[in-house]
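Q: This structure is in structure tokens; I'll ask about it shortly.
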Amino acid sequence: MGAEKGEGLAKPQDEGGTGQAIGSLLIVLGITMWVPAVADLAYEQTEWKAFALSSAFTIFFGVLLLAATRDTSFGTTSLRRAYFITVGAWVMLSLFGALPFWMAGTSYCDAVFETVSGFTTTGSTVLAGLDEMPAGILLWRGLLQWMGGVGIIVMAIAILPMFRVGGMQMFKLESSEKTNDKASPRMRTMAIRIFWVYNALCLICAAVYWALGMTPFEAAIHAMTTLSTGGYSTSDASFSHFDSLPMEWAGTVFMLAGGTPYVLFVMALTGRGAMVLVRDGQVKRMFATALISSVMLTAWLILANDFDPWTAFTRATFNLVSVMTTTGYASTDYSLWGPPAVAVFFFMTFVGGCAGSTAGGLKMFRFEILWQDIRKECRRLLFPHGVFPDMMAGRPASGDLVRDVQVFVLCYAASFAGLVLVLAYYGLDFITALSGAATALANVGPGLGQVIGPAGNFSTLPDGAKWALDVGMILGRLEFETVFVMMTAHFWRD
């Protein structure tokens, strides 16, 4: 990438495969832009022109990239090239996906922020007046998160295992195949099945939302942003716009589905039965964490805030699950529930769902690994000569997995501290900087406080802070090491 031949850096043929892959994705993105364009035409809104122009430019650049690299095949993907494709695709798709927002009148900085937040399924927004927003813009936001959710699943199944990140080491698909430079046919088959399960759940979710009172348009967008655990809404008030407890329970169920490993849905539908979901250790811990936290918060709302029990339990469960699964919907301004509630929501920001889901955060399996590591070290102090194997889901876990979790948490902590300092440099108060960094790296959406809390948005932040949060959102979605490895000198040498 800019290096001359003979200097021991990455060979030019590595770049060709990257260009072909990213060019193909840009063409697909450009074609997808016609979906909101058609929606604007149907509603007789002039914003369709922004999507048409953006589509033409994106497709043109994608074709240009394909033509420039047509002599190079990306059918056999090297590990270095996989890093280029993974990171480059998320960056380039975000830059070009921002064009419709920009051409519709949003500043390019805000347009990129909205797009990165969409693709990474974070859900933080700089747009206000959503209730009066053109249909195409609202649909494009939903499609960004829908595409991001699909991309996350495919990346987790077929790409990240090459890098030994993403937690998919646990899902060997009952195969003796070892992860190598290429995604195995079994992985590709699983990714295709997951794609169809994901879309089927979106359709079911949309039907339920429609039956509970949303318009078909609202139901379609909220279904896409629920299963992707993204959280974009069609209203500034998010779920409080609908003021429906049954709708909140429906949202809770489908957010938990979005936070569940999609591999398990495929297994359940291909002969294993529904019990495979119930028996999974990650799923059990996710449900237990959600239930215990919801009960504790419900008790606080009843005792200190005079809520009636059913409303308290519904609001507590919906908003906690929304934050825990990194969806980011809000049915009320929970920052007004008092310091104990705010503390619970802040810590739940880091939790996340399960590995192999669309959720972000640390994820459940990492907490299990870390907890077992702490227990093992305590037992080793008592029994210095004892042998204590690492376990995961009742089976022995490799030392590499334990080490990878430790490195991930270290990268997470270092990135969090660095991002907080950068945001503070741009003048953000401590609560805004702290929760902004947390919500970006965990891909949650709303932060805490009056500025970026559930009742606010990110539009008033300085442009520098928004660019920093863009980096944070991509870092969190690509699980840190995938990006950090490209910053090393060894990566650029043969």
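FYI, it's all coordinate maths here, none of it is from the lab. Note that the structure is predicted; figures quoted are calculated from it, not measured. All Cβ positions, glycine included, derive from the backbone under ideal geometry; neighbour counts span all protein chains shown.
Q: Tell me the volume per residue, in Å³, of the convex hull enclosing the alpha carbons of segment 311-437.
A: Values: hull volume 20.3 nm³, N = 127.
Here the figure is 160 Å³ per residue.
Q: Let me know the volume per residue of the alpha-carbon convex hull for segment 218-262, in Å³.
A: Enclosed volume per residue, from the Cα hull, is 60 Å³.
Q: Same structure again: Using only Cα positions of segment 399-492, each an equal point scatterer, no hydration layer, compute I(q)/I(0) via Debye at q = 0.10, 0.20 Å⁻¹ and quote the log10 values to two decimals.
A: Computed log10 I(q)/I(0) values: -0.28, -0.92.
Q: How big is the dipole moment of the chain about its Cα centre under a simple scheme where the beta carbon of each Lys and Arg is +1, that of each Asp and Glu is -1, and everything else is neutral? Debye, nearest 20, please.
A: For the chain, the charge dipole is close to 1880 debye.
Q: Is it possible to state the helix-based mean residue ellipticity at 222 nm for the chain, with each DSSP H run of 4+ residues giving -39500 (n - 2.57), the sum divided by total residues, to the nearest 500 deg cm²/dmol? What is it?
A: Calculated mean residue ellipticity at 222 nm is -20000 deg cm²/dmol.
Q: Given a Förster radius of 30 Å and the C-beta distance between PHE383 and PHE287 as r, what FRET efficiency does 1/(1 + (r/R0)^6) yield to the nearest 0.05? Each step should come with its number before you reach the end.
A: Values: r = 34 Å, r/R0 = 1.13.
For PHE383 and PHE287, the calculated efficiency is 0.35.
Q: Follow-up question, since we're still on this one. Just to compare against my own numbers: the Cα pair-distance distribution for the chain, 20 Å bins, whole % per bin, please.
A: Bins of 20 Å from zero give 23, 58, 18, 1 percent of pairs.
Q: Taking the Cα centre as origin and putting +1 on Lys and Arg beta-carbons and -1 on Asp and Glu beta-carbons, what dipole magnitude results for segment 191-299, to the nearest 20 debye?
A: Numbers: 5 positive and 5 negative charges, 124 e Å.
Dipole size: approximately 600 debye.
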